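For reference, the structure is listed below as structure tokens.
The values are calculated or read from the model by the stated rules, or taken from the named source; none is laboratory data. The model shown is predicted, which means the values in this text are computed figures rather than measured ones. Here the Cβ positions follow ideal geometry from the backbone for every residue, glycine too, while neighbour counts run over all protein chains shown.
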Amino acid sequence: MKQHCVSLKISVCILLALALLCLVSFALADGTCGANLTWTFSGSVLTISGTGAMDNWLLSNPWKDYNKEITGVVIEEGVTSIGDYAFYMCETLDKITIPGTVTKIGNHAFSWCYELSDIRLPNSLAEIGNSAFELCSGIATLTIPDGVTIIGDYAFSQCGGLTSLVLHEGLTSIGTNAFYSCGKLDRITIPASVTFIGDTPFLYCTSLREIAVNEGSASYASIDGVLYSRDHTRLIAYPGNRQTPTYSIADGVTTIGNSAFRPNQHLTSITIPPSVQVIENDAFNRCNKLQKLEIPQGVTGIGDTAFVGCSALQSISFPSTLQSIGTNLFEACGKLTSIDVAEGNGMFASQDGVLFTADRTCLIAYPAGRKQVTYTVPEGVTTIGEYAFFCNRILKSVALPESLITIEKNAFSGSDITGVQLPSHLAVIEYGAFGSCDNLAQVTIPASVLLLGDGAFNGCDSLVSVTIEGAETSLSKWGVFDYCHKNLVINGLPGSTAEIHANGKGIPFAPIAVDEMKTEDSWTCSRCNTTNTGGKFCPECGQARARP
């Protein structure tokens, strides 16, 4: 009996020792994370000890294997910086202790720490790096200490739970998109000490009603809660939830800044003063209640995608002073029926509400709200511009002129056209030109086409037949016909680039004989004596073909 008890005790001791060993090996890890810093992970808490700066990393860190287990971080006195990506994607981290010796938080140090809610920044802190707390949606209140001088780009981007933000005097720089998509913030006060604010610092802060600026600022001003430069020449940001249907931009403003009104669900009318010269990229993007906009005389430039998503916009007028416009101005402007241009503009012209270059060789933009189901592009047009018919859901057919040479990027992408006859002098079809044209069933690419760009017909899920008449048409490797109908067949000349492309992509190929292809009569240009086949314009000099 006594021997049995001894054996039992020994067995219990062995089991306890093994259990303790397993526990230690599972729950304890350590290593170095700086010249004089060490880390220890025990239970669910990571502890950083020592003196000096923490190392910087790229996407990874020494404790990456425990990222999903860490719920708390203790950084002890003596540590002077938190490295780049130090706690990146520690998705269960909810509490951190930062000592009064830390002066810098590195880039992405806490980004994607969704659960982080309990954080107090020390007074010693001077710099918060780019994306340092990006996607920390658990943070509800935040006070930036008065020692901080720099808040980096995207530093608190997409902190969707943030409702209260205090910025102290001493701060000098707020980076681009620093508080992007902090959707619960309703008020922000800019300290007078701030001398630099990057682009779109409060973009998609959809609850924001007021942006205030402390008295004494030499760089910025607030007029009725709207952020301007100190001299009132630049409108920087209009609060997205300022609930008034009309707004008059202050006299003296020369520039409406990047994404200044983006997005806004309240404004139906905006008055632009005659002092304005430049409207920057995305300035009115996603102002989805805006119905009419007059661009005053004096405006010389409008940036890319300036009016995208203005889904209630019905008409817009450009002045004679306008010299340059960006790309894709009117995507998702489904009610736009007319784009007008004042007489005397040397760069642009309007014909039946359609926007062209002044010489009418390039069709720039076709209003998506026009009710006609067919449209004929005028003769003389050589280029269909980028996004010209993008996502047009009304047009079913577009007649293209013989003068056409280039169809630019995404020109017809996402539109509802059911068929298109490409002219005999067309040379280039650029990236995504007919991408996602879901009702397009067949198309013939004439022999004149030299290049089919990336994704030219990508996503045309009704496309079952493509005929490529040229022997040496260059087809991009990247998805010219990807994601089209499963029964798509490419027809072309034996041994042609079309056959090579079809074979390389696993698309069935059907050979056609030369005599099956359309032939056209030849004619001689009266200006340059070039012999041409078919068409109405000489591709060499542009001279119209003489009538027989």
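Observations, loosely collected:
- Taken together, Gly175, Gly160, Gly106 contain a single residue that is closer than 21 Å to Ser259 by Cβ and crowded, with 18+ Cβ neighbours inside 10 Å, which is Gly175.
- Of all residues in the stretch 226-255, exactly one satisfies the criterion of being under 18 Å from Asn288 (Cβ atoms), of a type in the set (Val, Ile, Thr) and outside any loop (DSSP other than H, G, I, E, B), namely Thr246.
- Within the stretch 299-314, residues that are closer than 16 Å to Gly334 by Cβ reach partners that are surrounded by fewer than 22 Cβ atoms within 10 Å (Cβ to Cβ) and of a type in the set (Asp, Glu) with beta carbons closer than 8 Å, at six or more positions or on different chains, in the pairs Thr305/Glu331; Val308/Glu331; Gly309/Glu331.
- Per-region count, the stretch 235-258, residues without any contact (Cβ under 8 Å) to a residue 40 or more places away in the chain, within 18 Å of Ile190 (Cβ to Cβ) and surrounded by 19 or more Cβ atoms within 10 Å (Cβ to Cβ): 6
- Members of the stretch 494-505 that are over 18 Å from Ala427 (Cα atoms) and either among the basic types (Lys, Arg) or in a loop (DSSP other than H, G, I, E, B) (or both): Pro494, Gly495, Lys505
- Some residue of the stretch 198-211 being surrounded by 15 or more Cβ atoms within 10 Å (Cβ to Cβ), farther than 18 Å from Ile174 by Cβ and either at pLDDT 95 or above or under 22 Å from the mean Cα position of the chain (by Cα) (or both): yes
- Filtering Asp65, Asp84 for residues that are modelled with pLDDT of 95 or more, out of contact with any Pro (no Cβ under 8 Å at 6 or more places or on another chain) and among the acidic types (Asp, Glu) leaves a single hit, Asp84.
So that you can scan it fast, the table gives a plain yes or no per residue for (1) within 25 Å of Ser219 (Cβ to Cβ); (2) modelled with pLDDT of 95 or more:
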site: Thr97; (1), (2): no, no
site: Ala109; (1), (2): no, yes
site: Trp112; (1), (2): no, yes
site: Leu125; (1), (2): yes, yes
site: Gly129; (1), (2): yes, yes
site: Glu134; (1), (2): no, yes
site: Gly152; (1), (2): yes, yes
site: Gly160; (1), (2): no, yes
site: Gly175; (1), (2): yes, yes
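- Cβ-Cβ under 8 Å pairs, at least 6 apart or on other chains, the stretch 54-69 side β-branched (Val, Ile, Thr), far side part of a helix (DSSP H, G or I): none
- Residue count, the stretch 386-414 (criterion: under 24 Å from Lys477 (Cα atoms) and free of Cβ contacts under 8 Å to residues at least 40 places away in the same chain): 7
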